[in-house]
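Data first, discussion second: the structure below is written as structure tokens.
The values are calculated or read from the model by the stated rules, or taken from the named source; none is laboratory data. The structure displayed is predicted, hence computed values, not measured ones. Neighbour counts are summed over all protein chains in view; Cβ atoms, including those assigned to glycine, are modelled from backbone coordinates with ideal geometry. We work out accessible area using only protein heavy atoms, side chains counted, and drop any ligands, DNA or RNA first. Shrake-Rupley method; radii C 1.70, N 1.55, O 1.52, S 1.80 Å.
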Amino acid sequence: MDHLSVAAIGMGLVVIGAGIGIGNIGAKALESIARQPEAISDIRSNMILMAALVEGTALIAIILAFLLG
Amino acid sequence: MLSKRLLIILLSIFALSVSAQDHNEHEAGGDTGHSGFDPAEVAFHHISNHNTYSIGPWNLPLPCILYAPEEGWSFFMSGVFEPVSEHHGSGRYAYKRYVLHKGIVMHVVDPSFPTDKVEVDDYDVKEETVDGKQKEVTYVKYKGKEYKLDAKSTMDGGVFGGGITSFYDFSITKNVAGMMLVALFLMWVFLSVARTYREREGKAPKGVQGFLEPLFVFIQDEVTKPFLGDKWEKYNPYLLTLFFFILGLNLFGQIPFLGGSNITGNLAVTMVLAIVTFFVVNLSGNKNYWEHIFWMPGVPTWVKSILTPVEVMSMFIKPMTLMLRLFANVVAGHIVLVIFIGLIFVFGKSGQSAGAAYGTSIVSMLLTMFMMSLEILVAFVQAYVFTILTASYLSAATEEAHH
């Protein structure tokens with residue numbers, strides 16, 4: 001396999017990981033909002049913060065894949 | 001019911017077109033020569049920074065400030081190259097051994113090339129192996145001879161394929177011009193809103209004030225106050241500036257037919273924003289913050305020897321992720337938009353089958369409009385995320401000891 005396909009597979013794996021992570025965050029946040037609708041603003045901002053952190057690791061990996069591929 | 005049917009139709013058209021594309025590629029034998037349409041190349045051309053501001057068929061000149069160690073400084077407007085829009089904004093003329101290739105100024109290395117304004121014939125990009133690495137080298141043809149071109153110097157140390165070359169570019173490029181416009185616009189808006197507040201004290205908000213006040217209060221009440229506690233007044237101006245500047249740049253890049261500026265999708269711009277945040281966070285760090293990085297209280301010494309390097313690294317990784325997140329999100333949006341538009345040319349076979357091009361243009365327009373509305377959401381979310389993360393780093397840096 002050449003560089004490009006390895007990088008592409010790596011990017012795919014990264015997206016799977018980030019997708020699972022962000023999906024979990026979204027699911028749990030919705031669950032919490034359903035339990036406690038009055039805490040929606042706190043939950044929403046924390047949800048975005050956590051999603052941003054998960055996304056950050058994924059983006060680093062994708063940029064590395066771009067550079068190495 | 002109708003919307004469901006529409007969705008099915010859209011999806012089936014999309015599936016059909018994907019298989020058609022597959023077919024095309026098989027026919028062409030995977031050949032992506034210069035004759036065909038290369039979506040990736042077009043996308044990268046459209047997201048990069050240029051020395052001209054092109055709106056539709058017009059190439060507006062921008063000032064070039066160039067420095068070559070052997071020739072000294074040169075100042076001129078990029079209109080001197082007389083760029084042609086049919087050739088992606090490549091210049092018809094060379095001036096002072098500089099040429100304009102696809103909107104980017106490049107320098108002729110060969111000293112035998114004339115220094116005054118001369119007409120050049122053509123440009124050529126070749127794949128070459130330099131120091132064991134595949135590289136694209138650009139040549140300019142002048143009077144039947146090919147001259148090698150140097151790209152501008154970059155400070156990436158060769159990581160992104162750049163390095164120190166024969167000249168430095170300090171020009172006011174498209175991104176710089178766009179940034180200046182946005183900064184002036186924000187200044188004008190905020191000064192006029194500030195005046196409205198003074199004049200209409202105690203009354204309901206009016207006009208632009210009504211649009212800005214919720215955003216302003218949102219950042220102040222949802223980001224600054226919860227994260228920074230009683231120190232919120234000190235950092236509020238910085239966080240609000242960050243939010244509105246990034247939001248302004250993001251939204252400016254979303255305006256269609258306005259040169260497609262991709263300012264926050266430029267690594268240098270987001271790097272400067274991240275560096276400013278890095279300095280603000282670390283210069284306002286108190287004793288407690290530094291203690292938690294270099295000598296955590298209540299941790300065994302052998303664990304400290306592992307944790308300290310990790311903490312020091314994370315000090316630099318935090319602004320790096322800020323930089324990459326904003327960059328990657330904005331760039332991804334722009335690339336997807338260009339690719340969706342490019343679908344028209346892929347299925348129209350670069351103008352050979354007009355029917356397919358007309359058909360695809362409807363689908364592609366719908367997809368593009370959907371993506372653009374998504375991108376407006378992304379513009380807000382990314383500005384918000386940059387601000388909230390800066391606030392959380394600041395809160396970690398200024399927190400008082402409580403144990």
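Selection of the range B:115-130 for residues being open to solvent by 70 Å² or more (accessible area, probe 1.4 Å) and touching a Gly at 6+ places or on another chain (Cβ under 9 Å) yields only B:ASP121. For the range B:289-331: of the residues being without any contact (Cβ under 8 Å) to a residue 60 or more places away in the chain and among the charged types (D, E, K, R), which is farthest from B:ASN250 (Cα to Cα)? So, considering only residues that are without any contact (Cβ under 8 Å) to a residue 60 or more places away in the chain and among the charged types (D, E, K, R), the one farthest from B:ASN250 (Cα to Cα) is B:LYS304.
Quick check on my filter: what residues within the range B:321-372 are within 14 Å of chain A (Cβ to nearest Cβ) and of a type in the set (Gly, Ala, Ser)? Let's see the steps before the verdict.
Initially, the range B:321-372 is screened for residues within 14 Å of chain A (Cβ to nearest Cβ), giving B:321-333, B:335.
Passing the criteria: B:ALA328, B:ALA332, B:GLY333.
Looking only at the range A:23-61, count every residue that is surrounded by 15 or more Cβ atoms within 10 Å (Cβ to Cβ), closer than 25 Å to B:GLY333 by Cβ and more than 12 Å from the chain's Cα centre (by Cα) and tell me the total. Adding up the residues that qualify gives 3.
Residue-by-condition table, conditions (1) more than 15 Å from B:VAL125 (Cα to Cα); (2) part of a strand (DSSP E or B); (3) under 27 Å from the mean Cα position of the chain (by Cα):
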{"site": "B:ILE65", "(1), (2), (3)": "yes, yes, yes"}
{"site": "B:GLU70", "(1), (2), (3)": "yes, no, no"}
{"site": "B:PHE75", "(1), (2), (3)": "yes, yes, yes"}
{"site": "B:GLY79", "(1), (2), (3)": "yes, no, yes"}
{"site": "B:ALA94", "(1), (2), (3)": "yes, yes, no"}
{"site": "B:HIS107", "(1), (2), (3)": "no, yes, yes"}
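Taking B:PHE279, is it open to solvent by 60 Å² or more (accessible area, probe 1.4 Å), within 24 Å of B:MET320 (Cβ to Cβ), assigned to a helix (DSSP H, G or I) and away from chain A (no Cβ under 14 Å)? For B:PHE279, the condition - open to solvent by 60 Å² or more (accessible area, probe 1.4 Å), within 24 Å of B:MET320 (Cβ to Cβ), assigned to a helix (DSSP H, G or I) and away from chain A (no Cβ under 14 Å) - is met.
Suppose we filter B:SER364, B:SER392 for residues that are open to solvent by less than 40 Å² (accessible area, probe 1.4 Å) and over 30 Å from B:GLU233 (Cα atoms); which single one remains? Give the steps one after another, and end with the answer.
Details: B:SER392 fails: over 30 Å from B:GLU233 (Cα atoms).
So the residue among B:SER364, B:SER392 that is open to solvent by less than 40 Å² (accessible area, probe 1.4 Å) and over 30 Å from B:GLU233 (Cα atoms) is B:SER364.
Among the candidates B:GLU311, B:GLU399, which residue alone is away from chain A (no Cβ under 13 Å), under 29 Å from B:GLU222 (Cα atoms) and modelled with pLDDT of 85 or more?
Numbers: B:GLU399 fails: modelled with pLDDT of 85 or more.
Being away from chain A (no Cβ under 13 Å), under 29 Å from B:GLU222 (Cα atoms) and modelled with pLDDT of 85 or more holds for just one of B:GLU311, B:GLU399, which is B:GLU311.
Between B:LYS231, B:LYS152, the distinction of being farther than 27 Å from B:SER74 by Cα, of a type in the set (D, E, K, R) and touching a residue at least 12 places away in the same chain (Cβ under 8 Å) belongs to B:LYS231 only.
Basic (Lys, Arg) and either open to solvent by 30 Å² or more (accessible area, probe 1.4 Å) or more than 30 Å from B:VAL176 (Cα to Cα) (or both) - does that describe any residue in the range B:322-342? Looking through the range B:322-342, none of the residues is basic (Lys, Arg) and either open to solvent by 30 Å² or more (accessible area, probe 1.4 Å) or more than 30 Å from B:VAL176 (Cα to Cα) (or both).
Take B:LEU258 and tell me if it is assigned to a helix (DSSP H, G or I) and either among the hydrophobic types (A, V, I, L, M, F, W, C) or within 17 Å of B:VAL182 (Cβ to Cβ) (or both). Steps first, please.
Numbers: assigned to a helix (DSSP H, G or I): no; either among the hydrophobic types (A, V, I, L, M, F, W, C) or within 17 Å of B:VAL182 (Cβ to Cβ) (or both): yes.
Spelling it out, it is not the case that B:LEU258 is assigned to a helix (DSSP H, G or I) and either among the hydrophobic types (A, V, I, L, M, F, W, C) or within 17 Å of B:VAL182 (Cβ to Cβ) (or both).
For the range B:269-288, which positions are touching a residue at least 40 places away in the same chain (Cβ under 8 Å) and closer than 30 Å to B:THR154 by Cα?
The initial filter retains those residues of the range B:269-288 that are touching a residue at least 40 places away in the same chain (Cβ under 8 Å), namely B:269-271, B:273-275, B:277-278, B:280-282, B:284-286, B:288.
Of everything in the range B:269-288, those that are touching a residue at least 40 places away in the same chain (Cβ under 8 Å) and closer than 30 Å to B:THR154 by Cα turn out to be B:VAL269, B:THR270, B:MET271, B:LEU273, B:ALA274, B:ILE275, B:THR277, B:PHE278, B:VAL280, B:VAL281, B:ASN282.
Considering the range B:109-149, the residues that are over 17 Å from B:GLU82 (Cβ atoms) and of a type in the set (Phe, Trp, Tyr) include one that is nearest to the chain's Cα centre (by Cα), namely B:TYR139.
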